[in-house]
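Structure, as structure tokens:
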Amino acid sequence: MTNIPPSENSYVVDQESATEMARLIDQDAMVSRQMGGLFPPDIDQGRVHDVLDIACGPGGWAMEVAFEHPDKHVVGIDISQAMLEYATAQANMQNLQNIEFFFMDATASLEFPAASFDLINIRFIVGLMWKEIWPELIKECKRILRPGGILRITDTDDALIGANSSEALEKLSILVTRAFYRTGRSFAVDEWANHFGLTPMLSNFLLEAGFTNIREVPHMLDYSAGAPAHFSHTHNLEVAMYLIQPFLRNAGIASQEELEQLYEQMLIDLRQDEFFGIWTFMSTYGEKSA
Ligand SMILES: C[S@@+](CC[C@H](N)C(=O)[O-])C[C@H]1O[C@@H](n2cnc3c(N)ncnc32)[C@H](O)[C@@H]1O
């Protein structure tokens, strides 16, 4: 992978930020553990040879697949030079011969020939997608999948927060969902809905694109005080809620002063012994008809 061109970015956080990359490395470990395995449990892994991870970030999931399955060839694509350089360096350090990373924009046509992959994985891209392009991306995935190939999309309907006991966190969640609505990223009916309305749409998008055997698997991350994921996910939120502030200001959702106050209060609330929070996300997957 050489000469990565610069590109316009639709992602709600600076994709070249080292802090965002560190957040994604930690989040990948936490989320993959919560999902309980690299692949959907009910697929025939023996039929999977070529794997694509779209918006792979620092490459954690893709590298795990390449490491655990030397018989499979894995490709990761992303638009961040920093993430791609890190992922490539990690793959070289681990001497993984069966993985490649490329610069490629998930919001445009994918530069792969038809029928190139047996499984496509997409996780947490709501922050870079405008609502109109979801069906286009799913059609592109169908084109580059082989017959019988699997597309799995894992995503969330809020800012990594879910139901929780912090008023400040709840307010930040509302600001993020409103900013997503105003910038054309949300399927919610209006800007007052405290969700993106994305995950209920995905099975229909897959159906409309001609996928079959569509399944939905919800995931639930308890990050209440005392829960095993408490430290990792509260840290994740602290970083994410800090890095997203320029996006919220630019969307005209809140002033710097308001955001700082909410952020300070959130830090206090997350450290309370009585804090509770459960964040949910969902995997939707289906097969390209043979
Ligand atoms: C929330 S992260 C998800 C990373 C990874 N899928 C995971 O679950 O750990 C979103 C990723 O999308 C990348 N990204 C942003 N805009 C993109 C675009 N237009 N095309 C491809 N990747 C993009 C970012 O650089 C970032 O790595």
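What follows draws every value from the coordinates through simple rules; no lab data is involved. All values reported here derive from a predicted model rather than from experimental measurement. Backbone-built Cβ (ideal geometry, glycine too); neighbour counts: all protein chains shown.
Annotations for the structure displayed:
- Taking θ as phi - 60° and the Karplus parameters 6.51, -1.76 and 1.60, the scalar couplings of region 11-21 work out to 6, 6, 10, 4, 6, 8, 5, 5, 5, 5, 5 Hz in sequence order, x denoting glycine and proline.
- With all pairs of separate Cα atoms included, the chain yields a Kirkwood hydrodynamic radius of 19.5 Å.
- Longest segment of the chain lacking GluC sites (Glu not before Pro) that sit in a DSSP loop with at most 10 other Cβ atoms within 10 Å: 9-273
- Global size of region 70-134: 13.2, 40 Å for Rg and Dmax (C-alpha atoms, Rg to one decimal, Dmax whole).
- For the chain, the relative contact order is 21 percent, taking Cα pairs closer than 8 Å that sit 6 or more residues apart in sequence and dividing their mean separation by the residue count.
- For GLY76, the residues whose amide H sits under 5 Å from its own are ASP53, GLU100, PHE101, PHE102, ignoring neighbours fewer than 5 places away on the same chain, with H placed 1.01 Å from N.
- Under 15 Å, Cβ to Cβ, from ARG143 - net charge with Lys/Arg +1 and Asp/Glu -1: -3
- Loop chymotrypsin sites (Phe, Trp or Tyr not before Pro), region 75-177 (other Cβ atoms within 10 Å of the site Cβ: 13 or fewer; DSSP): TRP130
- Fraction of the pair-distance distribution of region 1-149 above 23 Å, Cα-Cα pairs, percent: 33
- Most mobile listed residue (HIS233, HIS49, HIS195) in the chain, GNM with C-alpha springs under 10 Å: HIS49
- Simple label model, 7 Å out from Cα along Cβ direction - ASP14 to GLN272, nm: 3.3
- Taking region 18-288 as the region of interest, the number of lysine pairs whose Cα atoms are within less than 21 Å, with members eight or more places apart or on different chains, is 6.
- Cα centroid separation, region 255-290 to region 154-221 (Å): 12
- Each residue, GLU191 and ILE133, gets one label point 7 Å from its Cα in the Cβ direction; the gap between the two is 2.2 nm.
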